[in-house]
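Trainee: Handing you this structure, nothing more for now.
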Amino acid sequence: MMCLFETASSVKTNDDFRKVLQKKSRLMGILILLGFITILTVGAAAITGFLESDSYLCGLYLGLGCGLVFAGILKILQFRRISGNAELLKKERLKYTDERNHAISAKAVQTATIVVLILSYLAMLIGVCFNRMIFYCYWSIIMVFLIAYMICNKYYSRKM
């Protein structure tokens, strides 16, 4: 997951890496906010009767929201611990800028993307037998992904 949110090319010193950790902390703050929004939405849906409070979906979304909040808090605490320790900061910076780790992460994202596209395609083919809405949902996901890929590819081919 490293290459989803990072570019290590501009990190040369510990101070640069400290700034990266601050940016990551802000991203984790957004993750925490999304978790709270999820929890509040489930609570509101359960109170209004839109979602039964003892239903599977209620527990699923409540667990997802709590997971986002706790994961975000733990990562922020981890980033603060790294920022406060010079030796640990240097060790993590070297790991962060290691090209091998970036190549591994990029290959993992590429493989996972292919797997998700294949599974989405299969779900689209099978889902149309049960409900046309399933077909349209998966078709939309695949189309949005492909359009986003083409736009990003064009953008980065000009930028790099």
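Trainee: Regarding Leu89, is this residue of a type in the set (A, V, I, L, M) and surrounded by 13 or more Cβ atoms within 10 Å (Cβ to Cβ)?
Mentor: Here the answer is yes, as Leu89 does meet what is asked.
Trainee: Among the residues of the range 45-70, write down those that are aliphatic (A, V, I, L, M) and out of contact with any Leu (no Cβ under 7 Å at 6 or more places or on another chain).
Mentor: Within the range 45-70, Ala46, Ile47, Leu60, Leu62, Leu64, Val69 qualify.
Trainee: Sticking with this one: Somewhere in the range 87-97, is a residue in a loop (DSSP other than H, G, I, E, B), over 30 Å from Val144 (Cβ atoms) and modelled with pLDDT under 90?
Mentor: Looking for residues that are in a loop (DSSP other than H, G, I, E, B), over 30 Å from Val144 (Cβ atoms) and modelled with pLDDT under 90, one finds none in the range 87-97, hence no.
Trainee: All but one of (1) surrounded by 11 or more Cβ atoms within 10 Å (Cβ to Cβ); (2) within 17 Å of the chain's Cα centre (by Cα); (3) more than 25 Å from Gly35 (Cβ to Cβ) hold for Val116; state the number of the condition that does not hold.
Mentor: In the conditions (1) surrounded by 11 or more Cβ atoms within 10 Å (Cβ to Cβ); (2) within 17 Å of the chain's Cα centre (by Cα); (3) more than 25 Å from Gly35 (Cβ to Cβ), Val116 misses (3) alone.
Trainee: While we're here: Can Tyr156 be described as surrounded by fewer than 10 Cβ atoms within 10 Å (Cβ to Cβ) and at negative phi?
Mentor: Judged against the criteria, Tyr156 is a match.
Trainee: Here are Ser10, Ser53: which of them is surrounded by 13 or more Cβ atoms within 10 Å (Cβ to Cβ), at negative phi and not aromatic (Phe, Trp, Tyr)?
Mentor: Going through Ser10, Ser53 in turn, the sole match is Ser53.
Trainee: Looking at the range 1-19 only, could you name the residues that are closer than 19 Å to Ala106 by Cα and modelled with pLDDT of 80 or more?
Mentor: Val11
Trainee: Inside the range 22-43, can you point out the residues that are β-branched (Val, Ile, Thr) and either under 10 Å from Tyr61 (Cα atoms) or exposed (fewer than 14 other Cβ atoms within 10 Å of the Cβ) (or both)?
Mentor: Ile30, Ile37, Thr38, Ile39, Thr41, Val42
Trainee: Out of Ala103, Ala123, Ala46, I need the residue that is under 30 Å from Met143 (Cα atoms), at pLDDT below 90 and surrounded by 11 or more Cβ atoms within 10 Å (Cβ to Cβ). Which one?
Mentor: Answer to the check: Ala103.
Trainee: Here's a follow-up. Please state which one of Phe135, Phe145, Phe130 is more than 30 Å from Asp16 (Cβ to Cβ), aromatic (Phe, Trp, Tyr) and not in a helix (DSSP H, G or I).
Mentor: The unique qualifying residue is Phe130.
The values are calculated or read from the model by the stated rules, or taken from the named source; none is laboratory data. Just so we're clear, the structure is a prediction, and the values are computed from it rather than from any experiment. Don't worry about glycine lacking a Cβ; one is built from the backbone with ideal geometry, like all the others, and counts go over all protein chains shown.
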